[in-house]
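Input: a single structure, listed below in structure tokens.
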Amino acid sequence: MIYVDEINKRRTFAIISHPDAGKTTLTEKLLLFGGAIQTAGAVKSNKIKKSTASDFMEIERQRGISVATSVMNFEYNEMKINLLDTPGHKDFAEDVYRTLTAVDSVIIVVDCVKGVEEQTEKLMEVCRMRKTPVIVFINKLDREGKRPFDLLDEIEAKLRIKVRPLSWPISMGSSFKGVYNLYDKSLYLFRPGGATIAEDVLAVSNLEDSLLDGQLGEDAAQLREDVALIEGVYEPFERKSYLEADLAPVFFGSAVNNFGVKELLDTFTAIAPTPRSRIADARAVHPHEESFSGFVFKIHANIDPRHRDRIAFLRICSGKFERNKFFHHVRLGKDLRFRSPASFLAQEKSIIEEAYPGDVIGLYDTGNFKIGDTLTEGEKIMFQGIPSFSPEVFKEVINTDPMRSKQLEKGLEQLTDEGVAQLFTQQQGKKRIIGTVGELQFDVIQYRLLHEYGASCRFNPLIYNKACWITAKDKKKLEEFCKYRSDRLGSDKDGNLVYFSESDWALKRVREDYPEVEFHFSSEISTGTPGLKYSGD
Ligand code: G4P
């Protein structure tokens, strides 16, 4: 075991939510507690209010190519906390999925008025796939929301995880009085607009304490009743179940009022996991291994057209990263060294000399990296769990400036390496197809192709709504299927065979007609059955 102290003090996590639940607000309050920022308002929301490419580009520019807020690190309770930012717009969901591969735990923010929303459910699916421990923060208790017990039931049903409240609200909306902390048995009184101060925290030795009646009046009886119900219905909190992603502790608060945030952060630092092992194709990689390894989960382009460089974000999985040391780029089979690897402290980025498991560093890149790439000290492993998910919107790329087709091709390759969208080639006719999760990406791609590559194109809408990666245990059956369905076949960038479907109903029919063929909704095919590589004709 090596670098034990460095590894054990790291906590790497992301905050996820449906847009508007309060993710940006909570992030900002956590950074204030961590001393990473001094004033509220310093964290720019990365929400794209108007869904246009120019709006998106403007936001990117304002954010100083986004890097400063892509990963924020701060120290708290002698721990080094790495908070990874995730885009708020639903069209960028895939970016969020990939970021989730680089964290060890997440905090999910739920709006108490709206309950569990669609985007949160989708993100939770990814957490479940990866067995990522989650803490739930129910926000906006200063508003009249759903009943707390109903919210817990909704979380269990929609997010499909057992819950265990660790704090409990006393009333809500205009009569919100505070929360009772079930973990340390104390009462936190609500003070709108500011953080809880010492006088607002009352130790309550037992719930019959008359102090409660004095502070809460009639609500004291309700609290006693609620707590009795909680203790009767929910099992005591067990950290092990949380770490195994079987149980989500739940907190209540109001991020904008800075209420319940410190308690959340204190509990987070007490229970959240240290850097966890990561699965590579050949074996599991443990953070305490001496030999360095890490993977790229995000690539950010420099929006300034004069500098075509990009920043690849690398999550360190094991060993120690050192500046100017040669590391092995497994996919390219070549050794690279990095003169100015960057870490990000609050709004500043600075050159680092070394980094440890759990850390995320930015590497300047001139085109060597694509998402999922692995760096090691020589071992030929590739980390898994950075899948592409089936896009939902598909369009054919039509080159509108034949003199610049090379530039268009290069732009498409590079932008899709960054994960902006997925690129497919249709078998018949060699059409280039872009697949995304939302319309906004097409505007962004068109804009960037023009401004960064000088290439122009337009998009031809296609009727498809899903691309499935297909495999079959019996190769003959797969070949047979391909023969009959060649009009619907294509390949992804790695040459994996993909089937395009125009509706859920049609897909169901095809699956019934060809039961031997397996249809996968993400590119990471776990069955281990061989697929066919698209041969190109
Ligand atoms: P997001 O990143 O999850 O999309 O949400 P964000 O933090 O931007 O919050 C969305 C809106 O909810 C913001 O209001 C924010 O002020 C508000 N909000 C966050 N926490 C609370 C809370 O505890 N109580 C109440 N009542 N509101 C909260 P906005 O009007 O969209 O923006 P702004 O003009 O206030 O910044």
Exercise for the section: Quick one, can you get me the convex hull of the C-alpha atoms of the chain expressed as volume per residue in Å³? Expected result: 159
Practice task
Rounded to whole Hz and in sequence order, give me ³J(HN,Hα) for segment 150-165 from the Karplus expression 6.51 cos²θ - 1.76 cosθ + 1.60, θ = phi - 60°, writing x for Gly and Pro.
Solution key: 5, 5, 4, 4, 5, 5, 4, 6, 7, 8, 6, 9, 5, 10, 8, x
Completion exercise
If one compares the long axis through the Cα atoms of helix 504-513 with the longest principal axis of the Cα atoms of the chain, the angle in degrees, nearest 10, works out at 60
Exercise for the section: Give the cross-link partners of LYS185 among the lysines, using a straight C-alpha distance below 20 Å as the criterion and excluding same-chain residues fewer than 8 apart. Expected result: LYS177, LYS262
Handout entry: Listed residue pairs exceeding 27 Å between alpha carbons, taken from LYS298/LYS334; LYS325/LYS380; LYS380/LYS430; LYS23/LYS131; LYS320/LYS493; LYS430/LYS483
Key = LYS380/LYS430; LYS320/LYS493
Completion exercise
Total charge of the residues flanking PRO287 in space, meaning their Cβ is under 13 Å from its Cβ, with Lys and Arg +1 and Asp and Glu -1, is +1
Completion exercise
Computed for segment 393-520: size of charge dipole around the Cα centre, +1 on C-beta of each Lys and Arg, -1 on C-beta of each Asp and Glu, debye to nearest 20, value 320
Handout entry: FRET efficiency for VAL201 and VAL4, using Cβ-Cβ distance with R0 set to 25 Å, rounded to 0.05
Key = 0.15
Fill in the blank from the handout: Heavy-atom accessible area per residue of the chain, all protein chains kept, 1.4 Å probe, expressed in Å², is 42
Fill in the blank from the handout: Which residues qualify? For ALA248, with a placed amide H closer than 5 Å and at least 5 residues away or on another chain, they are LYS162, VAL163, ARG164
Completion exercise
Dividing the helical contributions, -39500 (n - 2.57) per DSSP H run of n ≥ 4, by the residues of the chain yields a 222 nm value, nearest 500 deg cm²/dmol, of -8000 deg cm²/dmol
Exercise for the section: Give a residue-ordered list of calculated ³J(HN,Hα) values for segment 321-326 (Karplus: 6.51 cos²θ - 1.76 cosθ + 1.60, θ = phi - 60°; whole Hz; x for Gly, Pro). Expected result: 8, 10, 5, 6, 8, 6
Exercise for the section: Provide the per-residue ³J(HN,Hα) series for segment 182-188, in order, calculated from phi with Karplus coefficients 6.51, -1.76, 1.60 and θ = phi - 60°, each as a whole number of Hz, with x at glycine and proline positions. Expected result: 6, 7, 10, 6, 9, 10, 10
Practice task
Taking amide H positions as placed in the peptide plane 1.01 Å from N, state which residues far from ASP401 in sequence (5 or more) or on other chains have amide H under 5 Å from it.
Solution key: SER456
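The values are calculated or read from the model by the stated rules, or taken from the named source; none is laboratory data. In this text the structure is predicted, and so the values were computed from the model without any measurement. All Cβ positions, even for glycine, are placed from backbone atoms using ideal geometry, and neighbour counts span all protein chains on display. Quick note on the areas: whole protein, heavy atoms, side chains included, nothing else; ligands and nucleic acids left out. Shrake-Rupley method; radii C 1.70, N 1.55, O 1.52, S 1.80 Å.
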